[in-house]
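Asks: One structure, as structure tokens, below. Some questions next.
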Amino acid sequence: RLYLDEVTPRTAFGGNASRIAVQSTGSLRYDLYAGSVTLDDVWTMNPFADHLWRVAPAVSGGDVRAVLSALHAQAPSAADPRSGPLPRYAATSMPVGDEKYELWTVDFDLPAVVRAYESQTGSAPHPVRMLDGSTSTDLWMRYVQQAWPCNGTAGGGGPPRARNR
């Protein structure tokens, strides 16, 4: 949940609550533990370097909830051992009422999110790659540099370091 609750909202959205990212939880491979974080740690945890996409700029909260429901309906059942303890898809926040949101996702999930959006809204989105090509791995690197509480300084601890081999 750290990635969706803290890393993406802080580093990609700058705290803008009108942006919601939907992503499959399978993209995160390992837990990140307290202590110093190295470049190897970030790449091991999130090796895919997915670009971020804005699927649609003004989606009602109800439509965002419907997209999430459609994605969960397409996902393997809870009996599938690959589904693990997390839901197959998660969002950075849950939409409120019928406020408008920007709906975002990553490369890997873009086709599924677009299909779910089309099936739930009846309209075709026009996805746009965002953040000047920054990737999910870049977001982690920035978060660790700026905000990781276990690197020894109040504001983070500087950039992740390469591990000596």
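The values are calculated or read from the model by the stated rules, or taken from the named source; none is laboratory data. Nothing here was measured: the structure is a model prediction, and the numbers come from that model. Reconstructed Cβ throughout: ideal geometry from the backbone, glycine too, with neighbour counts over all protein chains shown.
Asks: Which residues, counting only those in region 18-31, are surrounded by fewer than 19 Cβ atoms within 10 Å (Cβ to Cβ), of a type outside the set (D, E, K, R) and in contact with a helix residue (DSSP H, G or I) (Cβ under 8 Å, 6 or more places away or on another chain)?
Replies: Correct list: Gly26, Ser27, Tyr30.
Asks: Being surrounded by 15 or more Cβ atoms within 10 Å (Cβ to Cβ), closer than 14 Å to Asp109 by Cβ, of a type outside the set (D, E, K, R) and at pLDDT 80 or above is the filter here; which residues of region 65-89 pass it?
Replies: Those that are surrounded by 15 or more Cβ atoms within 10 Å (Cβ to Cβ), closer than 14 Å to Asp109 by Cβ, of a type outside the set (D, E, K, R) and at pLDDT 80 or above: Val67, Leu68, Ala70, Leu71, Pro87, Tyr89.
Asks: Something else about it: Looking at region 32-46, which of its residues are surrounded by fewer than 19 Cβ atoms within 10 Å (Cβ to Cβ) and over 20 Å from Val106 (Cα atoms)?
Replies: Tyr33, Ala34, Gly35, Ser36, Thr38, Leu39, Asp40, listed by residue number.
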